[in-house]
Amino acid sequence: MNLHTSFEITETGVAVLKLDNKDASLNLLGTSFLKSFNETLTEVSTKPHVKAMVICSAKKNGFIAGADLNELAKINTAEDAQKAARIGQMIFSRIADFKIPTIAAINGHCMGGGTEMILACDFRLAAKEKVGIALPEIRLGVFPGWGGTQRLPRLISLRNALDMILTGKEYNALKAYRCGLVDKVVPDDILNEYAVQFAEEIIRTKGVKYIAARRKKARGVVELLTDKNFIGRFIMLTIAKQQILKKTYGNYPAPLLAIKAMLRGLSKPLEDGLDIEARLFGEAAATIEHKNLLHIFHLHERPKKQTGVDSRVDLIKPQNIGVLGAGVMGGAIVQLLAYKDFPVRMKDIAGPMVIKGLKHAESLFDDLVKQRRLTPLEKQRKMEKISGTLSYDGFQRTQLVIEAVAEKMPIKKQVLKEVEACMQENAVYASNTSALSISELQAEAKHPERICGMHFFNPVHKMPLVEVIRGANTNDKTVAIIFDLSKKLNKTPIVVKDSPGFLVNRLLGVYLNEACLLAQEGYDFQWIDFIVKKFGMPMGPFRLIDEVGIDIVEEVGRILGEAFHDRLKTSTLPANIRQINLLGKKGKKGFYLYRNNRRKAANPYMLKLLPGSRQENNQQVIQRMMYLMVNEAARCLEEQIISTPQDVDTGMVFGAGFPPFRGGLCKWADNVGLKSIVETLRDFKDLFGKRFTPVEYLINRKTFY
Amino acid sequence: MPRTAIIDGVRTPFTKFNTVQKDIKASDLAGYVIREVIERTGINTGKIDHVVIGCGGPPADAPNIARTSALKAGVPVPVPAYTVQRNCAAGMQALTEACMMIQLGHAKVVIAGGVESMSNIPFFLKKSFQNKLTSLSRAKSIWEKLKIAASFRPHDFSPVIGVVLGLTDTYCGLNMGETAEVLAKRYAITRVQQDEFAVRSHQRVTAAWKKGLYKDEVMTIFNTGGKPDIIMEDNGHRTDQTMNALAKLKPYFDRRFGTVTPGNSSQLTDGAAAMLLMDEEYARAEGYTPKAYVRSWGYAGNDPSTMGLGPAFAAPMALDRAGLAMKDIQLIELNEAFAAQVIANEVAFSSKKFAQENLGRSEPIGEIDRDILNVNGGAIALGHPIGASGTRLVLTLTKEMERRDCRYGLATLCVGGGQGAAMIIERQ
């Protein structure tokens, strides 16, 4: 018996080893835990009469949550990382070397190092409902370094292993069973009892049946060509590498290193493979991309501990939620709420609008059914959470109203006035707007304190960010409720003070404006899109304008232009294009032409309008757009629109797709060096105008963080 | 004893068999009205004590349709629900159950209603087909299987239509229309009398929709699963119904001597209705303003072959229990199963002989004044979704009593199988 792990031996000779990290609510594989686990392994191995070992978790909420990221963050050099990998590998290899059969009884989430532990066992059992198995290391800019890249392909075939390791996606019990990752799926409630029975069966039969079944699953034509054949393997890994390069422009080193580890290691005995894996893991862990992605992970986890306000407030749990407006945003918000099982009432002024909203929600659910993330029955149950209406009937029983009507202040004010007449005293009201002032909306409200903004990003089901907009009169309770709701909807919220463009659109606004100015200066807009994509943005600025809609970009641009007219040179491009009724993707024509929601080619009309073909000063063009955003972010911090650089990075990564491997806008600026950015901005100011004047905040600081 | 307060109610549009609501399951129709009643009244769902739904032919996939639809509507899991069946009076029986629970003190808040999706009543297999199929599945040798397979005949495959089955009284062997023919002949009710009544029904429903009187009690159905996707109005009434057009129809139930045609009978229809009922004191304490109260009710049995006279047996019962006479009633909703049947009741209500022979009373029940009868039309134009009609009558009655500021109103129906149902509503 020691700190984190204990074991008992049954009369039948089965040692049952229980994992129970006493320092955390989950089983995290920190140094002290691993040490304790290692000692217990030694103890078990010295006991006579033990004929099999079962490893199970004493935690109700999962098996193993993975490595301790705080410890991972402290590792700075490739040598240290390699050492850490070796230690884990050594312990897990001890399980693999046990003479007696070893069985993992997986009761819930099994992540990263946990997955590598079960791979070292001889057999794996999974609880049917709660199990999720994944190797998410790739998302943190590293790859499995405790044997994962070597043992997984040997167990479930290279093809399946690539899918798990390169995407980091989670396999449920059934999926894990289908590919041979687990040997049996067991009802959750009897898992641990059954594991002992199973061990007894293995003692009797040596598990021949299960090993044969596993072999059968990993025996297709592709597997035959890749798993036992170096050339086949080489071809498959080369294709995988090319796909990754095409998608990431080589910005992410970890998947390439993982592929390398598999390519080299799988041709050698396991021992040598592990050596190679540890060395390459060290390389990956020392990259700046890894540090940046770790930073992103922390940004993602950050809201979990936050409430969005400084004071302590009692949250109300909304029982019923009303949504006003059944357009694309309204429909998507309703779907999101229903997905999380909130009863929703959706109102619009016309029947055809309501039905459109309902159908939009249904189509989003249908997509989930197609992806097998919902059963048709679950979809039905969730659709039933939504009811449509043309009147305010039902709004008297909502504790929360989300408004998503057209982006026109008079309409928003009218709707607010109408619904306030029937809302409960303590209900809160959130307006989904991308640019209109919440403080202005509050001006005529009966209860301005309960009103705030809730800026979802389009498409709602994909974009993780929610900007919670705090108006001049919004109280803490309202902010906290909307912040909490955003978290419940699996979104990443940041609190932003009401000001033109809020945070993300303000930064994107100056960026898109600069892109338009560049195009007007004669730069080829398709080329700009290309180099920005190479920089790591999910799409270039002109593609983004099409995506958002030229009308909306123009509207936001106008608002920003009015607010910052003293320093911003507003490009005339969006207004010019809008005049000729180009809308962007939703109208099938913008900078590009679209068919079936896919980009086809550059719009010939735009090529005529912007005939520029300059493709030069690659670095300067990027800097003009990006540094302007950095400068604007500094100004936002100076004006206390948001409170920390984390807010900026959260907003830019989760709301605007700023490349995660760069760690976010501020993190990236820190890596570049604020001093050099300020200098460049000063040069740009002389060359291109006063909008590049660096702000005090930037001049006075060495780093954002 | 506590009195039952009617807080509010709502119904779906009543739409003809195999038209716009044909692809909506009965449990969804009922779910929609339950949810809408909750939304409109703003009742905290945690306060609901029970849900009762009447249904003539509960669907095979939801035999206790009340429970299925309540859960679909978002009624919390701990709230129990059950389904009642009294054929055409199922929807009224549901209301009665609620009243009884409230009077017993077993409940303070009940959602009660009724539903029928006649479009979804299934076709059945013939018994001969069923027998052969069962023996086929039990057969062991291939030879035996082939032998049974060869014994199927074309007539084995012809379906048995559930709706027809349900509208035929097994006991007396007559279908509902035939019982109306019996009444027409017994009381010498002419074809013209019946057709006139039918035209009146269509005209009244048309006028009521034109004046927007039904707008308040009918909810909008947003149907994402079919076309049209927005269903806002009843579709059974014909705005231009004429005597001439009706005269062209052939008698359906007695082709040689009959007078009952599809035109002067109620229609096969899909629809649902639900109401929120509360203990009166509780309603006041919670700040609700009841629209009306249930004063009394009565159910009576009569000869299945003249089931249409049901109201003449049940109404006096309800009146006696209320201590009222027909002259006190200011508004009547009498379900229009058949024009002949409504007219037969008019005769019976005012007949001394009927009262003496059938009710053991010396005096007639009292005149049915046409001016206060089905003022906004009835089932001939709106349709008669079996399980929903009982609730619909009380709902329509309550709304119109409010508009006319009436004190007492009567809702009554005849019930297939030989029964009558009646309920008296008061507004004070």
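For first residues located in the range A:198-216 and surrounded by fewer than 16 Cβ atoms within 10 Å (Cβ to Cβ), partners that are among the acidic types (Asp, Glu) and lie 6+ apart or on another chain with Cβ distances below 8 Å form the pairs A:Ala213/A:Asp183.
Identify, please: which residue in the range A:366-390 is within 9 Å of chain B (Cβ to nearest Cβ) and not in a strand (DSSP E or B) and is, among those, surrounded by the most Cβ atoms within 10 Å (Cβ to Cβ)? This residue is A:Lys385.
Here the strands (runs of 3 or more DSSP E) wholly within the range A:416-485 that include at least 1 residues being small (Gly, Ala, Ser) are A:428-431, A:451-456. Just a yes or no: is a residue in the range A:12-30 in a helix (DSSP H, G or I), within 19 Å of A:Ile202 (Cβ to Cβ) and at pLDDT below 95? So far as the range A:12-30 goes, no, none of its residues is in a helix (DSSP H, G or I), within 19 Å of A:Ile202 (Cβ to Cβ) and at pLDDT below 95. The lone criterion from (1) within 10 Å of chain B (Cβ to nearest Cβ); (2) among the hydrophobic types (A, V, I, L, M, F, W, C); (3) surrounded by fewer than 23 Cβ atoms within 10 Å (Cβ to Cβ); (4) closer than 25 Å to A:Lys462 by Cα left unmet by A:Leu294 is number (1). Right, B:Ile43: within 14 Å of chain A (Cβ to nearest Cβ) and in a loop (DSSP other than H, G, I, E, B) or not? Spelling it out, B:Ile43 is indeed within 14 Å of chain A (Cβ to nearest Cβ) and in a loop (DSSP other than H, G, I, E, B). Can you confirm whether A:Ala519 is in contact with a Phe, Trp or Tyr (Cβ under 8 Å, 6 or more places away or on another chain), assigned by TED's automatic domain parsing to the domain that holds A:Leu665 and under 29 Å from A:Arg691 (Cα atoms)? In short, yes.
Restricting attention to the range B:79-92, does a residue exist that is within 14 Å of another protein chain (Cβ to nearest Cβ), within 25 Å of B:Glu39 (Cβ to Cβ), more than 20 Å from the chain's Cα centre (by Cα) and surrounded by fewer than 19 Cβ atoms within 10 Å (Cβ to Cβ)? Checked against the condition, which is being within 14 Å of another protein chain (Cβ to nearest Cβ), within 25 Å of B:Glu39 (Cβ to Cβ), more than 20 Å from the chain's Cα centre (by Cα) and surrounded by fewer than 19 Cβ atoms within 10 Å (Cβ to Cβ), the range B:79-92 yields no hits at all.
Taking A:Ala601, is it out of contact with any Ser or Thr (no Cβ under 7 Å at 6 or more places or on another chain), surrounded by fewer than 23 Cβ atoms within 10 Å (Cβ to Cβ) and among the hydrophobic types (A, V, I, L, M, F, W, C)? Taking the combined requirement at face value, the residue satisfies it. Tell me whether the range B:178-194 contains one or more residues that are surrounded by fewer than 18 Cβ atoms within 10 Å (Cβ to Cβ), in contact (Cβ under 8 Å) with a residue 40 or more places away in the chain and touching a Ser or Thr at 6+ places or on another chain (Cβ under 6 Å). Within the range B:178-194, none of the residues are surrounded by fewer than 18 Cβ atoms within 10 Å (Cβ to Cβ), in contact (Cβ under 8 Å) with a residue 40 or more places away in the chain and touching a Ser or Thr at 6+ places or on another chain (Cβ under 6 Å).
Residues in the range A:284-322 that are hydroxyl-bearing (Ser, Thr, Tyr) and out of contact with any helix residue (DSSP H, G or I) (no Cβ under 6 Å at 6 or more places or on another chain): 0 in all.
Residues in the range A:51-71 that are within 26 Å of the chain's Cα centre (by Cα) and not in a loop (DSSP other than H, G, I, E, B): A:Ile64, A:Gly66, A:Ala67, A:Leu69, A:Asn70, A:Glu71. For the range A:140-234, the helices (runs of 4 or more DSSP H) that sit wholly inside it and include 3 or more residues that are over 27 Å from A:Ala52 (Cα atoms) are A:158-167, A:221-227. Here A:Asn581 fulfils each of the conditions (1) in a loop (DSSP other than H, G, I, E, B); (2) farther than 20 Å from A:Glu554 by Cα apart from (2). Whether a residue is without any contact (Cβ under 8 Å) to a residue 60 or more places away in the chain, in contact with a helix residue (DSSP H, G or I) (Cβ under 8 Å, 6 or more places away or on another chain), surrounded by fewer than 23 Cβ atoms within 10 Å (Cβ to Cβ) and not assigned by TED's automatic domain parsing to the domain that holds A:Ile641 was assessed, and A:Asn458 does not pass this test. The set of residues in the range B:22-36 being more than 10 Å from chain A (Cβ to nearest Cβ) and either touching a Phe, Trp or Tyr at 6+ places or on another chain (Cβ under 9 Å) or more than 18 Å from B:Asp61 (Cα to Cα) (or both) consists of B:Ile24, B:Val33, B:Ile34. Name the residues in the range A:624-662 that are of a type outside the set (A, V, I, L, M), in a helix (DSSP H, G or I), over 22 Å from the mean Cα position of the chain (by Cα) and over 12 Å from A:Val695 (Cα atoms), would you? Result: A:Arg624, single match. Just one of the listed residues (B:Ala274, B:Ala340, B:Ala314, B:Ala344) is buried (at least 19 other Cβ atoms within 10 Å of the Cβ) and either in a strand (DSSP E or B) or aromatic (Phe, Trp, Tyr) (or both), namely B:Ala274. Residues in the range B:53-60: is at least one closer than 29 Å to B:Glu280 by Cβ, touching a strand residue (DSSP E or B) at 6+ places or on another chain (Cβ under 7 Å) and within 12 Å of chain A (Cβ to nearest Cβ)? No, the conditions are met nowhere in the range B:53-60. Considering the range A:391-408, the residues that are at the interface with chain B (Cβ under 8 Å from one of its Cβ atoms) and not charged (D, E, K, R) include one that is surrounded by the most Cβ atoms within 10 Å (Cβ to Cβ), namely A:Gly394. From the set of residues in the range A:323-365 that are in a helix (DSSP H, G or I) and among the small types (Gly, Ala, Ser), which is farthest from the other protein chains (Cβ to nearest Cβ)? Checked the range A:323-365; the qualifying residue farthest from the other protein chains (Cβ to nearest Cβ) is A:Ala332.
The values are calculated or read from the model by the stated rules, or taken from the named source; none is laboratory data. What you see is a predicted model, and the numbers here were worked out from it, not measured in a lab. Don't worry about glycine lacking a Cβ; one is built from the backbone with ideal geometry, like all the others, and counts go over all protein chains shown.
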